[in-house]
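Each remark here refers to the structure printed beneath this line.
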Amino acid sequence: MTRRAASASPGCFWPGLTLLLGLLIAAWLLPPLWAGQVFGPSTQTGLAAWRYSALVLWHDGLLTEPLDPGGQERLFAVSPGSSVQQVAERLQSEGFIRSARAFSDYLVYAGLDTRLQSGDFRLSAALNALQIARALQDATPQEVPFVVLPGWRMEEIAAALPTSGLSFSQAEFLALAAAPPWGFPDLPPGASAEGFLAPGEYRFDRQVSAADFVSEMLRRAEQTLSQELRQGFSRQNLSPYQAVILASIVQREAVHSEEQPQIASVFLNRLALGMKLDSDPTVQYALGCDPLNNCWKVPLSLEDLQTVSPFNTYQNTGLPPAPIANPGLEALKAVAFPAQTPYLYFRARCDGSGLHVFAETFEEHLANGCE
């Protein structure tokens, strides 16, 4: 008698299929759920959500453990137009994160890859990759630029503060600049910091104090007054403070820096002869700044020229008692190394160029006037 082959029982097939489907569903659902618990929710959907969830789970410690728990804060700059990959690779090469690939995958997972900001950031290897990723979303960098133009006076620096992003007030700055509470080698006792708030571009932490702000400018001024410059001042029979006073006048008189050595020579020649300097910017300084922060009145009237002030060089011989502005390096060089000229006068050319015409005698000076 022939026996039929045994067939599989339907009751054995369905439990196996159910188990397989359950495993597949778990494999699909668990990575996003697990990753969400560890790394927060993902902005991805569908297959991308599963893929990047699996990737960040695979990376795990590369993202959650800092590279150096004792790492110090350092500046990290992101240039406009930098790609995610470029930023990630630089973060790894500069010792901020463990893995550029893990960092990039996390950015995509969290939807942060399109929100990286350009600017300067203070980061530390003591932060893990997740914290660094969040820090780079802050559109307000910790450091901000601040520019002091050559020839600005203290009030003009103060006027630039409200829009600078720095945290201290105009009044705080002006109080410290008017009476620096610390010693500075070239400032006479009781002198303000005017003349020694070095022009140039600075980068300050947003939370910098007014004291540190002023101190940094004074520090840069001290660096600017090199031994070479000091020797040049000495050859002109000027102390460093006197030289800064004269440089501040030269700075305000010269529209074009190439004329500064000639203008300096005129004033030095007049000082040597005991003549008054007759400089308009000294009168402008004596008049002060109006409520709209116009600190250099133009044109001056005959009444303005009669202003009673120790700064008015139409009335007083010699240098004014203090700088009238903060001169740049070129003006300081012009005083240390002036042109050798016989000139005693100069006035603006009549062509609107901002250049000057120079003269030896008052008669020549009058002849150079505009018709």
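No lab work stands behind these numbers, since they all come straight from the coordinates. Since this is a predicted model, take the numbers as computed values, not measurements. Heads up, the Cβs are rebuilt from the backbone with ideal geometry, glycines too, and the neighbour counts pull from every protein chain shown.
What residues have an amide H closer than 5 Å to that of His356, excluding those fewer than 5 places away on the same chain, when H is modeled at 1.01 Å from N in the peptide plane?
For His356, whose amide H was placed from the backbone, the distant partners under 5 Å are Arg349.
Give me a comma-separated list of calculated 3J(HN,Hα) values for the range 123-135, in order, Karplus coefficients 6.51, -1.76, 1.60 applied at θ = phi - 60°, integers in Hz, x for any Gly or Pro.
10, 9, 5, 6, 8, 7, 4, 5, 5, 5, 4, 5, 4
Put a dot 7 Å past each Cα toward the Cβ at Leu302 and Ala126; how far apart are the dots in nm?
7.0 nm
Specify whether the C-alpha gyration tensor of the range 61-135 places it in the rounded, prolate or oblate class, a ≥ b ≥ c being the square roots of the eigenvalues: rounded for a/c under 1.5, otherwise prolate if a/b is larger than b/c and oblate if not.
Numbers: a/c = 1.73, a/b = 1.17, b/c = 1.47.
Oblate is the answer for the range 61-135, as a/c is 1.5 or above yet b/c matches or exceeds a/b.
Explain nothing, just the number: dipole magnitude of the chain about its Cα centre with +1 on each Lys and Arg Cβ and -1 on each Asp and Glu Cβ, in debye rounded to the nearest 20.
The dipole magnitude comes to about 1980 debye.
Compute the FRET efficiency between Thr45 and Gln231 as 1/(1 + (r/R0)^6), taking r as their Cβ-Cβ distance and R0 = 56 Å, and round to the nearest 0.05.
With R0 = 56 Å, the Cβ-Cβ based efficiency is 0.20.
If I model a spin label as a point 7 Å beyond the Cα along the Cα-Cβ vector, how far apart are those points for Ala348 and Glu155 in nm?
2.0 nm
Would you please give the residues with an amide H less than 5 Å from that of Trp152, counting only those at least 5 places away or on a separate chain, with H modeled from the backbone geometry?
Residues meeting the criterion, in which the H sits 1.01 Å from N, are Asn326.
All other residues with a Cβ under 12 Å from the Cβ of Leu329 taken together, and with Lys, Arg as +1 and Asp, Glu as -1, what is their net charge?
Surrounding charge for Leu329 is 0.
In whole Hz and in residue order, list the ³J(HN,Hα) couplings for the range 75-91 that follow from phi through the Karplus curve 6.51 cos²θ - 1.76 cosθ + 1.60, θ = phi - 60°; x for Gly and Pro.
Once θ is set to phi - 60°, the couplings for the range 75-91 become 7, 10, 9, 10, 7, x, x, 5, 7, 4, 5, 4, 5, 4, 5, 5, 4 Hz.
Taking 1 over the mean of 1/r across every pair of different Cα atoms in the range 143-224, what Kirkwood radius in Å do you get? Kindly include the intermediate steps, with their values, before the conclusion.
On the way: mean 1/r = 0.0790 Å⁻¹.
Computed over Cα pairs of the range 143-224, the Kirkwood hydrodynamic radius comes out at 12.7 Å.
Between rounded, prolate and oblate, where does the range 238-367 land on the alpha carbon gyration tensor, with a ≥ b ≥ c its root eigenvalues, rounded for a/c under 1.5, else prolate if a/b exceeds b/c?
rounded
With the cut-off at 1.5 for a/c, could you classify the range 324-370 from its C-alpha gyration tensor as rounded, prolate or oblate? List each step's numbers first, then the result.
Details: a/c = 2.72, a/b = 1.57, b/c = 1.73.
Oblate.
Using a 7 Å offset from the Cα along the Cα-to-Cβ direction at both Asp290 and Phe337, what is the distance between the two label points in nm, to one decimal?
4.1 nm
What is the local net charge at Leu67, summed over the other residues whose Cβ is closer than 11 Å to its Cβ (Lys, Arg +1; Asp, Glu -1)? Walk me through the intermediate numbers first.
Values: positive: Arg98; negative: Glu65, Asp68, Glu94.
Neighbour charge sum, excluding Leu67 itself: -2.
Using only C-alpha positions, report the orientation-averaged shadow area of the convex hull of the chain, nm², one decimal.
31.0 nm²
If you take every residue apart from Leu225 with its C-beta less than 13 Å away from the C-beta of Leu225, what net charge results, scoring Lys and Arg +1 and Asp and Glu -1?
+1
Which value at 222 nm does the chain reach when only helices count, each DSSP H run of 4 or more adding -39,500 (n - 2.57), with the total divided by all residues and rounded to the nearest 500 deg cm²/dmol?
-13500 deg cm²/dmol
May I ask for the longest run of the chain untouched by trypsin sites (Lys or Arg not before Pro) that are loop-located per DSSP and have at most 11 neighbouring C-beta atoms (other than their own) within 10 Å?
Counting only loop sites that pass the neighbour cut-off, the longest clear stretch is 5-371.
To the nearest Å, what is the center-to-center distance of the range 183-216 and the range 327-346, using C-alpha atoms only?
25 Å
For a quick check of your reading of the filter: which GluC sites (Glu not before Pro) in the range 73-173 sit in a DSSP loop and have no more than 10 other Cβ atoms within 10 Å?
Answer in residue order: no site qualifies.
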